[in-house]
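One structure is given below, encoded as C-alpha cells.
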Amino acid sequence: MKKTFKFILPKVAYFEDEKHPFLTQLPGAKRNLYEDPSIQLVEEYIDYRQTILYRLQAHVPTDCIVQLKTNRPDFHLIYTKNATDDIIVQKHGTKNEIVLPHRHSTFTYIPRSKFDILLKPGNYLVYGLLIDIGLVRDIIYHHGHFLSELKNARKRDKSSLYQTALWPIKELTDYQLNRIETIFFNYSKQNEAKVVEQIYQLFDIAESKQFAFYEKLSESEILARKARTMIHDIVNQGFQEVNISLIATILSVSDAHLTRCHKRHYRQTLLQYRDEILLPLAKERLLSTYSIGEVANFCGFKYPSGFSKYFEKRVGLYPSDYIELHRNPDNDKNEYII
C-alpha cells in the first residue's frame, strides 16, 4: 500500500536547532523531517500491504498553517495522543473540515485534494493508520454501524472530508498504540497478517468506546444546543446584540471551548448560525414598512452604517440596493449578486 499524503513543507536532513525533545526514531520506519520558521515536524511511517502506520510529532512556536496534499481518497484511523489545542484539517478554499481534539480518536474519510492544517502554538503527537477500504466490509459491519456510515458518507460525497464521532483515548487504546509502536514498527513477514488482526481489534475498541462514552461525549453537544437556543431567542426577540462571550459566561465555559463544541457538532461557527437566522429576518423587514435604521436597531446594531456593512458583506448588496432591487421589478437583476 502506497503512502498517499504529502506535507508541503521544506524537507531537511536534520534540525540544526531542535526546539523540542522529539521521541526516539522508530526502528523500522521511514523518517522525514520538515522545518520552516513556524514548525518542526517529524513524520515516521511503515508500509504494510493493507495499511500504513504513521506517527507525527510537531513543535509549533507560532500560529501555523501546514499544507497537505493527497493523491487519492483514503480512510484514516487517527489518534491525537497529545495536542495543545484542537487540530483543524480544512479542505483548501472551503469550510469543509474535521477536528482532532487532544486525547481523542476518530475515523476519517480524506478525499483526494489539498488541505490546510491549522495549528496553535504548542506540541503535538498523532498516531494514524491509513486503511485499505476493503477492510471495512459490509458483511462484518451492519447498516447503522459507525464504520458502515463512514463508507456511506464516501458514497454520498466523494469530495468532502468526513469523520465519525470522537471517542477518548483511555488505557486500552494506549496499550494498543504501544503494541503498534513496539511490535509493528519492526517489520517482519509475520507482522503482515498480525497487523490486520490489530486493525480489527482497534475497530472493536472504537465500537465499544462509541457506546460506552456516548453520554459523556454528548455533553459538548448539549452545550452547543443550549448556545444555539440562546442565539435563536436573542435574534428573534430583537434589539439585542448576540454576544458570544456573555453566552459562554452564562453557560460557565470559555468562549473558545463553546466555539469548539459548536463547530464540532454543527460544522459552523456560532456567528454563522446567528447569520443563518438573522439575515432572513433582516431581508423581510427591509421589504416591509421599516426604515433601514429601524431594521438595524432590531438586528442589534447601534448604527445603520454598521448594519449596512454587515449586510453588504454577507448578501453582496447594501440594504438600500437590496430594497431597490426587490421593489422595482424592472431593474436588471443580473447587475446584482444576491
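The values are calculated or read from the model by the stated rules, or taken from the named source; none is laboratory data. These numbers were taken from a predicted model, which means no experiment stands behind them. Cβ coordinates were reconstructed from backbone atoms using ideal geometry, including for glycine residues, and neighbour counts include every protein chain displayed.
Based on this model, can you work out whether residue 224 counts as in contact with a Ser or Thr (Cβ under 9 Å, 6 or more places away or on another chain), modelled with pLDDT of 80 or more, among the hydrophobic types (A, V, I, L, M, F, W, C) and surrounded by 15 or more Cβ atoms within 10 Å (Cβ to Cβ)? Here the answer is no, as residue 224 does not meet what is asked. Residues that are touching an Asp or Glu at 6+ places or on another chain (Cβ under 6 Å) and either at pLDDT below 95 or assigned to a strand (DSSP E or B) (or both) occur in region 123-137; there is at least one.
Scanning region 145-198 for residues that are among the polar types (S, T, N, Q) and in contact with a Phe, Trp or Tyr (Cβ under 6 Å, 6 or more places away or on another chain) turns up 148, 164, 191.
Among residues of region 176-196 that are over 15 Å from residue 81 (Cα atoms), those with a beta-carbon under 7 Å from a residue that is among the charged types (D, E, K, R) and loosely packed, with under 14 Cβ neighbours inside 10 Å at least six positions away or on a different chain give the pairs 192/49. Among the candidates 173, 164, the residue that is within 30 Å of residue 70 (Cα to Cα), in contact with an Asp or Glu (Cβ under 8 Å, 6 or more places away or on another chain), at pLDDT below 85 and not basic (Lys, Arg) is uniquely 164. Counting the residues of region 1-50 that are within 26 Å of residue 92 (Cβ to Cβ) and of a type in the set (Ser, Thr, Tyr) gives 4. Looking across 264, 225, one residue alone is free of Cβ contacts under 8 Å to residues at least 60 places away in the same chain and under 23 Å from the mean Cα position of the chain (by Cα). It is 225.
For region 23-47, a residue qualifies if it is part of a loop (DSSP other than H, G, I, E, B) and surrounded by 18 or more Cβ atoms within 10 Å (Cβ to Cβ), and the qualifying residues are 26, 29. Check region 8-20 and report whether any residue there is in a strand (DSSP E or B) and closer than 17 Å to residue 108 by Cβ. Among the residues of region 8-20, not one is in a strand (DSSP E or B) and closer than 17 Å to residue 108 by Cβ, which makes the answer no. Take the residues in region 5-20 that are touching a residue at least 24 places away in the same chain (Cβ under 8 Å) and among the aliphatic types (A, V, I, L, M); name whichever of them is surrounded by the fewest Cβ atoms within 10 Å (Cβ to Cβ). Residue satisfying both the conditions and the ranking: 8. Residue 20 falls short on exactly one of the conditions (1) more than 22 Å from residue 193 (Cβ to Cβ); (2) touching a Phe, Trp or Tyr at 6+ places or on another chain (Cβ under 6 Å), and that condition is (2).
Does at least one position in region 142-153 carry a residue that is modelled with pLDDT of 80 or more, of a type outside the set (Phe, Trp, Tyr), surrounded by 19 or more Cβ atoms within 10 Å (Cβ to Cβ) and assigned by TED's automatic domain parsing to the domain that holds residue 113? No: region 142-153 contains no residue that is modelled with pLDDT of 80 or more, of a type outside the set (Phe, Trp, Tyr), surrounded by 19 or more Cβ atoms within 10 Å (Cβ to Cβ) and assigned by TED's automatic domain parsing to the domain that holds residue 113. The condition (being closer than 30 Å to residue 194 by Cβ and touching a Leu at 6+ places or on another chain (Cβ under 9 Å)) is satisfied by just one residue among 50, 67: 50. The residue of region 2-17 that is farthest from residue 74 (Cα to Cα), among those that are under 26 Å from the mean Cα position of the chain (by Cα) and among the hydrophobic types (A, V, I, L, M, F, W, C), is 9.
Would you confirm, using the coordinates I've provided, whether residue 158 is outside any strand (DSSP E or B) and touching a helix residue (DSSP H, G or I) at 6+ places or on another chain (Cβ under 8 Å)?
For residue 158, the condition - outside any strand (DSSP E or B) and touching a helix residue (DSSP H, G or I) at 6+ places or on another chain (Cβ under 8 Å) - is not met.
When region 318-338 is filtered for residues that are touching a Phe, Trp or Tyr at 6+ places or on another chain (Cβ under 6 Å) and either under 12 Å from residue 279 (Cα atoms) or at pLDDT 95 or above (or both), only 319 remains. With a requirement of 2 or more residues that are over 26 Å from residue 19 (Cβ atoms) and in contact (Cβ under 8 Å) with a residue 60 or more places away in the chain, the strands (runs of 3 or more DSSP E) lying completely within region 48-117 that satisfy it span 51-60, 74-83, 97-100, 104-110.
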